[in-house]
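Peer 1: Pasting a structure here, questions to come.
The values are calculated or read from the model by the stated rules, or taken from the named source; none is laboratory data. Fair warning: this is a prediction, and the values are worked out from it, not measured in the lab. When we count neighbours, we look across all protein chains shown, and the Cβ atoms used for this are built from the backbone with ideal geometry, even at glycine. In case anyone asks, the SASA skips ligands and DNA or RNA and just uses the protein heavy atoms, side chains included. Shrake-Rupley method; radii C 1.70, N 1.55, O 1.52, S 1.80 Å.
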Amino acid sequence: MTGRNQTIFSEFLLLGLPIKPEQQNLFYALFLAMYLTTVLGNLLIIVLIRLDTHLHTPMYLFLSNLSFSDLCFSSVTIPKLLQNMQSQEPSIPYAGCLTQMYFFLFFGDLESFLLVAMAYDRYVAICFPLHYTTIMSPKLCLSLVVLSWVLTTFHAMLHTLLMARLCFCADNVIPHFFCDMSALLKLACSDTRVNELVIFIMGGLILVIPFVLIIVSYARIVSSILKIPSAKGIRKAFSTCGSHLSVVSLFYGTVIGLYLCPSANNSTVKETVMAMMYTVVTPMLNPFIYSLRNRDMKGALGRVICQKKILFSL
């Protein structure tokens with residue numbers, strides 16, 4: 001690695017989570033269970049949307065992409081974390097570290113854009129129900145999905161290429177459980193001002209603007225529903241927006257706090273816990289928040305099970 005990157009080592013050491021040795025097996029089982037829940041929950045959503053024609057609508061097109069993004073987002077970091085928890089040498093190759101960083105940024109950004117698309121879809125459905133099919137045309141929905149994938153590709157590639165130009169010649173110990181961009185910048189022994197400037201500028205475009213758009217969309221939804229002078233309308237508003245906004249706030253709050261508003265008082269443990277919230281907890285909660293509590297998804301599950309029973313009986 002001493003050529004292009006002037007690096008005197010070929011791998012990084014991941015310190016992982018600040019867990020006591022006697023608690024290692026307990027946390028290993030916990031994270032394994034959370035990861036399996038994330039995988040199974042999101043796979044179930046993708047399969048149901050694929051099999052049930054009643055779910056071939058814009059809302060569930062975005063949801064299937066979100067589930068795929070959540071599935072991949074967790075798979076970028078958690079399997080490596082679980083492997084390192086059982087390893088005596090929790091290392092990752094230099095190329096593997098940059099690859100992990102790229103896909104981490106890619107699927108994290110993709111989730112951000114898809115959450116905006118889903119918020120806009122709900123806004124149109126509730127505030128303009130008579131024009132929903134006209135506004136949310138198949139062409140627009142496909143364009144939003146494709147645009148999300150394209151933008152995330154370029155954004156993740158930009159940060160990865162900027163990171164690849166840096167020199168790491170002093171310390172190769174990353175005090176984190178994955179190759180986090182901010183943790184890597186702290187290890188660099190070359191000028192990181194360009195990287196930090198790009199993180200701040202692009203972070204505003206990729207995180208802050210989508211977060212504001214989501215808040216505005218749900219605020220308009222709540223405002224529209226509350227115009228109905230009934231307790232039922234109020235309950236509908238909170239059931240529609242409350243749980244969604246809690247997950248959105250958890251995802252964006254921790255990400256913005258880590259990357260756009262870093263604090264000198266933030267300890268390594270605090271940063272690790274915050275990263276754990278949006279890399280592990282949020283992808284696990286999304287299937288429950290967005291679909292498994294949804295009557296359409298429950299109906300689709302019932303229809304798929306009934307079809308399987310009929311096929312087996314034949």
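Peer 1: Going through T38, T57 one at a time, which residue ends up being free of Cβ contacts under 8 Å to residues at least 60 places away in the same chain and open to solvent by less than 60 Å² (accessible area, probe 1.4 Å)?
Peer 2: Residue meeting the stated conditions: T57.
Condition check ((1) in contact with a strand residue (DSSP E or B) (Cβ under 9 Å, 6 or more places away or on another chain); (2) farther than 22 Å from M276 by Cα) across all residues:
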site: A164; (1), (2): no, yes
site: H176; (1), (2): yes, no
site: S190; (1), (2): no, yes
site: N195; (1), (2): no, yes
site: I201; (1), (2): no, yes
site: G204; (1), (2): no, no
site: L207; (1), (2): no, no
site: L213; (1), (2): no, yes
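Peer 1: Here's something else I'd like to know. Looking at this structure, is F103 modelled with pLDDT of 90 or more, open to solvent by 30 Å² or more (accessible area, probe 1.4 Å), over 25 Å from L162 (Cα atoms) and out of contact with any Asp or Glu (no Cβ under 6 Å at 6 or more places or on another chain)?
Peer 2: no
Peer 1: Identify the single condition in (1) under 20 Å from F68 (Cβ atoms); (2) modelled with pLDDT of 80 or more; (3) not aliphatic (A, V, I, L, M) that D296 does not satisfy, given that it satisfies every other one.
Peer 2: Of (1) under 20 Å from F68 (Cβ atoms); (2) modelled with pLDDT of 80 or more; (3) not aliphatic (A, V, I, L, M), only one is false for D296: (2).
Peer 1: Exactly one condition in (1) open to solvent by 30 Å² or more (accessible area, probe 1.4 Å); (2) touching a Gly at 6+ places or on another chain (Cβ under 7 Å) is false for P18; which is it?
Peer 2: Among (1) open to solvent by 30 Å² or more (accessible area, probe 1.4 Å); (2) touching a Gly at 6+ places or on another chain (Cβ under 7 Å), P18 violates only (2).
Peer 1: Here's something else I'd like to know. Report every pair of residues separated by at least 6 positions or lying on different chains whose Cβ atoms are under 8 Å apart, first residue within the stretch 271-295 and closer than 11 Å to L258 by Cα, second among the hydrophobic types (A, V, I, L, M, F, W, C) and at pLDDT 85 or above.
Peer 2: Listed pairs, sorted by first residue: T272/F177; A275/F177; A275/F178.
Peer 1: R193 passes all but one of (1) open to solvent by less than 20 Å² (accessible area, probe 1.4 Å); (2) within 29 Å of P93 (Cα to Cα); (3) at pLDDT 85 or above; which number fails?
Peer 2: (1)
Peer 1: Only one residue in T254, T240, T279, T272 is open to solvent by less than 40 Å² (accessible area, probe 1.4 Å), at pLDDT 85 or above, of a type in the set (S, T, N, Q) and in a helix (DSSP H, G or I). Which one?
Peer 2: T279
Peer 1: Let me ask something else about it. Within the stretch 79-91, is even one residue modelled with pLDDT of 90 or more and more than 19 Å from L17 (Cα to Cα)?
Peer 2: Checked against the condition, which is being modelled with pLDDT of 90 or more and more than 19 Å from L17 (Cα to Cα), the stretch 79-91 yields no hits at all.
Peer 1: Suppose we keep only residues that are open to solvent by 10 Å² or more (accessible area, probe 1.4 Å) and among the aliphatic types (A, V, I, L, M) within the stretch 62-84. Which one would you say is farthest from L144 (Cα to Cα)?
Peer 2: Ranking the qualifying residues of the stretch 62-84, first place goes to L82.
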